[in-house]
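Enquirer: Got a structure here, written out as structure tokens. Questions coming.
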Amino acid sequence: MTLLEIRGPHVFDELKVFQIIEWEGEAMPHGVLFPGIPADAIRKASPSGENSRLTETGMIVSSTQMFLVTQGNRAILIEAGSGNGKARPDEPYWDHQNLPYRETLAAAGVGLGDVEYVFLSHMHPDHVGLATTWNGDRWEPTFPGAKYVLAPREWAYWNGFPAGDPARHPCINDSILPLVEAGSVQFARGGERIGPVRVHDTTGHTPGHLVFELEDRNVWFLGDLIHHPAQAPHPEWSAADWDFDRELARSQRRRFFHQFAESRATLLAAHTGDPFRVEEISPGRFMACYGDPMPVELCPSRARTFQQE
Ligand SMILES: [Zn+2]
């Protein structure tokens, strides 16, 4: 069996962060992600080389990944990918998948019962799928001992659409509702700390979008606050029409990128691949910088804020 790709662990003292990569590749032409923005402008705003997340032919490189954080024999999962066995008639690439999630987590040393918390940034189908598993009879929580952390406003919004309403994505019924019914949800508001994670409200991409900070290590998991590194210098660029409230999403990016640059945070997002930072390369101008070598003039401080084992 071919396992999913594991990158890392990225080591922060006693904490290890693994990227569990469900998929990575050429996702769409650049004009689909950033309508009306020329490829040259995107390239100029992106890191150089393979971290540009833009091919020579103008295809956007994206990823679907989740993050496993371990400390000794304790484990948490951040994001839950697109999952197995889910009917996704409108998204054939996720329809009735059968990916070796369990085996991949086991290869990282973690059993399903070891996961204490699953942090869900928002309720889109590529972020919640692994939350539940079909047991032959019904959907049940994949991680039997875990609390699933999500924003009450996010749940209230999506659950507000009645059955049969096209706005109610099937993932609400097959991946979230069973968690609520099983009593496995822990609702969290911005500012709360749960385990090693400080939860931050970043409403914008969705009505209750959260980002998660490993608070004592300044490591952040951004969900879909950002879809492409070119949004670091251009927080005003929305990814397609995917942001629920574009203005709010833009202001969240501005606010947080500023903070990330100042505090030299290590950043991971579901669709942007490896750990990166946001650097202020000249007053008011930000760039995403990955751990790999960057042109010095673009990224004056190249020291990695994480180590790889
Ligand atoms: Zn997403």
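Enquirer: Which residue pairs have Cβ atoms under 7 Å apart, sit 6 or more places apart or on different chains, and have a first residue in the range 59-87 that is within 19 Å of Asn98 (Cα to Cα) and a second that is among the charged types (D, E, K, R) and surrounded by fewer than 19 Cβ atoms within 10 Å (Cβ to Cβ)?
Expert: Ser63/Glu24; Ala87/Asp95
Enquirer: Could you list, in sequence order, all residues of the range 197-218 that are in contact with a strand residue (DSSP E or B) (Cβ under 6 Å, 6 or more places away or on another chain), modelled with pLDDT of 95 or more and more than 16 Å from the ligand (Cβ to nearest atom)?
Expert: The initial filter retains those residues of the range 197-218 that are in contact with a strand residue (DSSP E or B) (Cβ under 6 Å, 6 or more places away or on another chain), namely 197-200, 202, 210-213, 215, 217.
Imposing the further condition that a residue be modelled with pLDDT of 95 or more reduces the set to 197-200, 202, 210-213.
The answer is Val197, Arg198, Val199, His200, Glu213.
Enquirer: Does any residue of the range 34-48 turn out to be within 21 Å of the chain's Cα centre (by Cα) and under 24 Å from Glu5 (Cα atoms)?
Expert: yes
Enquirer: While we're here: Just one of Glu116, Glu91, Glu140 is surrounded by fewer than 21 Cβ atoms within 10 Å (Cβ to Cβ) and without any contact (Cβ under 8 Å) to a residue 40 or more places away in the chain; which is it?
Expert: Working: Glu116 fails: without any contact (Cβ under 8 Å) to a residue 40 or more places away in the chain; Glu140 fails: without any contact (Cβ under 8 Å) to a residue 40 or more places away in the chain.
One residue alone meets the criteria, Glu91.
Enquirer: Does Arg138 count as among the basic types (Lys, Arg) and under 27 Å from Met1 (Cα atoms)?
Expert: Values: among the basic types (Lys, Arg): yes; under 27 Å from Met1 (Cα atoms): yes.
The answer is yes for Arg138.
Enquirer: From the set of residues in the range 225-272 that are small (Gly, Ala, Ser) and within 19 Å of Val61 (Cα to Cα), which is nearest to the ligand (Cβ to nearest atom)? Step through it out loud before you land on a result.
Expert: Quick first cut of the range 225-272, residues small (Gly, Ala, Ser) only: 230, 232, 238-240, 249, 251, 261, 263, 265, 269-270.
Subsequent filtering for residues that are within 19 Å of Val61 (Cα to Cα) retains 230, 232, 238-240, 269-270.
On the way: Ala230: 16, Ala232: 18, Ser238: 14, Ala239: 9, Ala240: 11, Ala269: 9, Ala270: 5 Å.
Going through the qualifying residues, I end up with Ala270.
Enquirer: Which of the residues belonging to the range 230-271 are surrounded by 14 or more Cβ atoms within 10 Å (Cβ to Cβ), in contact with a helix residue (DSSP H, G or I) (Cβ under 7 Å, 6 or more places away or on another chain), of a type in the set (Gly, Ala, Ser) and not in a helix (DSSP H, G or I)? Give the derivation first.
Expert: The initial filter retains those residues of the range 230-271 that are surrounded by 14 or more Cβ atoms within 10 Å (Cβ to Cβ), namely 230-235, 237-239, 242-246, 248-253, 256-258, 260-261, 265-271.
Now drop any that are not in contact with a helix residue (DSSP H, G or I) (Cβ under 7 Å, 6 or more places away or on another chain), which leaves 230-232, 235, 237-239, 243, 253, 267, 270.
Filter once more, keeping what is of a type in the set (Gly, Ala, Ser): 230, 232, 238-239, 270.
Hits for the range 230-271 are Ala232, Ser238, Ala239, Ala270.
Enquirer: Moving on. Kindly list, by first and then second residue, each pair from a residue in the range 257-280 that is under 19 Å from Val69 (Cα atoms) to a residue that is of a type in the set (Asp, Glu) and within 16 Å of the ligand (Cβ to nearest atom), limited to pairs with Cβ atoms under 9 Å and residues at least 6 apart or on different chains.
Expert: Listed by first residue and then by second, the contacts come to Ala269/Asp224; Ala270/Glu79; Ala270/Asp126; Ala270/Asp224; His271/Asp126; His271/Asp224; Gly273/Glu24.
Enquirer: In the range 149-171, what count of residues is obtained for those that are more than 16 Å from the ligand (Cβ to nearest atom), of a type in the set (Gly, Ala, Ser) and in contact (Cβ under 8 Å) with a residue 12 or more places away in the chain?
Expert: Residues in the range 149-171 being more than 16 Å from the ligand (Cβ to nearest atom), of a type in the set (Gly, Ala, Ser) and in contact (Cβ under 8 Å) with a residue 12 or more places away in the chain: 1 in total.
The values are calculated or read from the model by the stated rules, or taken from the named source; none is laboratory data. Predicted, not measured: the structure shown is a model, and the values here were computed from it. Ideal geometry is used to build each Cβ from the backbone, glycine not excepted, and the neighbour counts take in all protein chains shown.
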